[in-house]
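K.L.:
Below are the structure tokens for one structure; questions will follow.
The values are calculated or read from the model by the stated rules, or taken from the named source; none is laboratory data. None of the values given here were measured: they were computed from a predicted structure. Here the Cβ is made from the backbone with ideal geometry for all residues, glycine too, and neighbour counts use every protein chain on show.
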Amino acid sequence: GESVGLHLPTLSVQEGDNSIINCAYSNSASDYFIWYKQESGKGPQFIIDIRSNMDKRQGQRVTVLLNKTVKHLSLQIAATQPGDSAVYFCAENIQAGTALIFGKGTTLSVSS
Amino acid sequence: ETGVTQSPTHLIKTRGQQVTLRCSSQSGHNTVSWYQQALGQGPQFIFQYYREEENGRGNFPPRFSGLQFPNYSSELNVNALELDDSALYLCASSSRLAGDGEQFFGPGTRLTVL
């Protein structure tokens, strides 16, 4: 599968591959982190979240990893499908429910 | 359970005009946040409303103002529109009572300032 160590604005994968999207967050005091998916013409859609007291959380086909030492967040998508094509944003909260600070988005393109 | 709705979907204004955007929060949610998303960028926090009061504000000038109503719906008002105000305006609702931070976004209002 495709993986990137640093943030890249675009990621192209084949259907069925695993995808890894990386994000660096800004504030070491942030307590809550979220990954959003945004399709063209739509608002961001919640994918998965993680709190600062965890380093890994799994959902359906998605896993989020948190490395507080280097302020790094990653989203792993297993068996990527064409419907996963979208822009992915990470976001952080100093306190859950307050202002979200969004990172740079990554455009994921999945070809079949 | 209805999701977050926003109106209008698209809007064209000219520089100097004023605009009001509307948001209905998801059923059961008492907190509304507004974000501005310029083309190709991530959303930027404008402000948040909780119990009809502003509860946090981002780096936006005072000509950006808002309201929250008793039914938790909200308005974003922008005065003296500038060309750089052209963006997608997103509303997100959440529930303080739930104790989590998940914010649910509406589809946005696309504002074009000419």
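K.L.:
Among residues belonging to region B:54-94 that are polar (S, T, N, Q) and farther than 15 Å from residue A:100 by Cβ, point out the one that is surrounded by the most Cβ atoms within 10 Å (Cβ to Cβ). Lay out the reasoning, then the answer.
P.N.:
Step one: of region B:54-94, the residues polar (S, T, N, Q) are B:55, B:59, B:65, B:68, B:71, B:73-74, B:77, B:79, B:86, B:93-94.
Narrowing the set further to residues that are farther than 15 Å from residue A:100 by Cβ leaves B:65, B:68, B:71, B:73-74, B:77, B:79, B:86.
Working: B:65: 16, B:68: 22, B:71: 8, B:73: 17, B:74: 25, B:77: 13, B:79: 13, B:86: 17.
So, considering only residues that are polar (S, T, N, Q) and farther than 15 Å from residue A:100 by Cβ, the one surrounded by the most Cβ atoms within 10 Å (Cβ to Cβ) is B:74.
K.L.:
Could you tell me whether any residue of region B:104-114 is in a loop (DSSP other than H, G, I, E, B), of a type in the set (Gly, Ala, Ser), free of Cβ contacts under 8 Å to residues at least 40 places away in the same chain and buried (at least 19 other Cβ atoms within 10 Å of the Cβ)?
P.N.:
In the first step, residues of region B:104-114 are kept if they are in a loop (DSSP other than H, G, I, E, B); the result is B:106-108, B:114.
Subsequent filtering for residues that are of a type in the set (Gly, Ala, Ser) retains B:106, B:108.
Imposing the further condition that a residue be free of Cβ contacts under 8 Å to residues at least 40 places away in the same chain reduces the set to none.
No; the residues of region B:104-114 include none that is in a loop (DSSP other than H, G, I, E, B), of a type in the set (Gly, Ala, Ser), free of Cβ contacts under 8 Å to residues at least 40 places away in the same chain and buried (at least 19 other Cβ atoms within 10 Å of the Cβ).
K.L.:
Mind listing just one residue for me: the one in region A:69-90 that is among the aliphatic types (A, V, I, L, M) and out of contact with any helix residue (DSSP H, G or I) (no Cβ under 7 Å at 6 or more places or on another chain) and, of those, surrounded by the fewest Cβ atoms within 10 Å (Cβ to Cβ)?
P.N.:
Kept after step one, since they are among the aliphatic types (A, V, I, L, M), are these residues of region A:69-90: A:70, A:73, A:75, A:77-79, A:86-87.
This time we only want the ones that are out of contact with any helix residue (DSSP H, G or I) (no Cβ under 7 Å at 6 or more places or on another chain), so: A:70, A:73, A:75, A:78-79, A:86-87.
Numbers: A:70: 7, A:73: 23, A:75: 23, A:78: 15, A:79: 12, A:86: 21, A:87: 19.
Taking the candidates together, the pick is A:70.
K.L.:
Follow-up question, since we're still on this one. Would it be correct to say that residue A:56 is closer than 24 Å to residue B:35 by Cα and at pLDDT 95 or above?
P.N.:
On the way: closer than 24 Å to residue B:35 by Cα: no; at pLDDT 95 or above: yes.
So residue A:56 fails the test.
K.L.:
Among the residues in region B:19-34, are any of a type in the set (Val, Ile, Thr) and more than 14 Å from chain A (Cβ to nearest Cβ)?
P.N.:
At the first step, the residues of region B:19-34 found to be of a type in the set (Val, Ile, Thr) are B:19-20, B:31-32.
Then keep just the ones that are more than 14 Å from chain A (Cβ to nearest Cβ); that gives B:19-20.
The answer is yes; a qualifying residue exists.
K.L.:
What is the residue count in region B:10-29 for residues that are within 14 Å of the chain's Cα centre (by Cα) and under 21 Å from residue B:71 (Cβ atoms)?
P.N.:
Looking only at that region, the number is 7.
K.L.:
Grab the strands (runs of 3 or more DSSP E) fully contained in chain A, keeping just those with 2 or more residues being within 12 Å of chain B (Cβ to nearest Cβ).
P.N.:
On the way: elements: A:10-14, A:19-24, A:32-38, A:45-51, A:56-58, A:62-67, A:72-77, A:86-93, A:106-111.
Output list reads A:32-38, A:45-51, A:86-93, A:106-111.
K.L.:
For region B:77-114, which positions are out of contact with any helix residue (DSSP H, G or I) (no Cβ under 7 Å at 6 or more places or on another chain) and away from chain A (no Cβ under 14 Å)? Let's see the steps before the verdict.
P.N.:
First, the residues of region B:77-114 that are out of contact with any helix residue (DSSP H, G or I) (no Cβ under 7 Å at 6 or more places or on another chain): B:77, B:79-110, B:112, B:114.
Once the filter is applied, which keeps residues that are out of contact with any helix residue (DSSP H, G or I) (no Cβ under 7 Å at 6 or more places or on another chain) and away from chain A (no Cβ under 14 Å), region B:77-114 yields B:77, B:79, B:80, B:81, B:82, B:83, B:84, B:85, B:86, B:112, B:114.
K.L.:
Moving on to the next point. Need at least 2 residues that are touching a helix residue (DSSP H, G or I) at 6+ places or on another chain (Cβ under 9 Å) per element, so show me which strands (runs of 3 or more DSSP E) inside region B:25-71 make the cut, counting only ones lying wholly within it.
P.N.:
It comes to none.
K.L.:
Let me ask something else. Surrounded by 20 or more Cβ atoms within 10 Å (Cβ to Cβ), within 22 Å of residue A:13 (Cβ to Cβ) and among the β-branched types (Val, Ile, Thr): does that describe residue A:62?
P.N.:
Details: surrounded by 20 or more Cβ atoms within 10 Å (Cβ to Cβ): no; within 22 Å of residue A:13 (Cβ to Cβ): yes; among the β-branched types (Val, Ile, Thr): yes.
So residue A:62 fails the test.
K.L.:
Out of A:97, A:103, A:5, A:83, I need the residue that is farther than 29 Å from residue B:50 by Cβ and at pLDDT below 95. Which one? First the steps, then the outcome.
P.N.:
Details: A:97 fails: farther than 29 Å from residue B:50 by Cβ; A:103 fails: farther than 29 Å from residue B:50 by Cβ; A:83 fails: at pLDDT below 95.
After ruling out the rest, the residue left standing is A:5.
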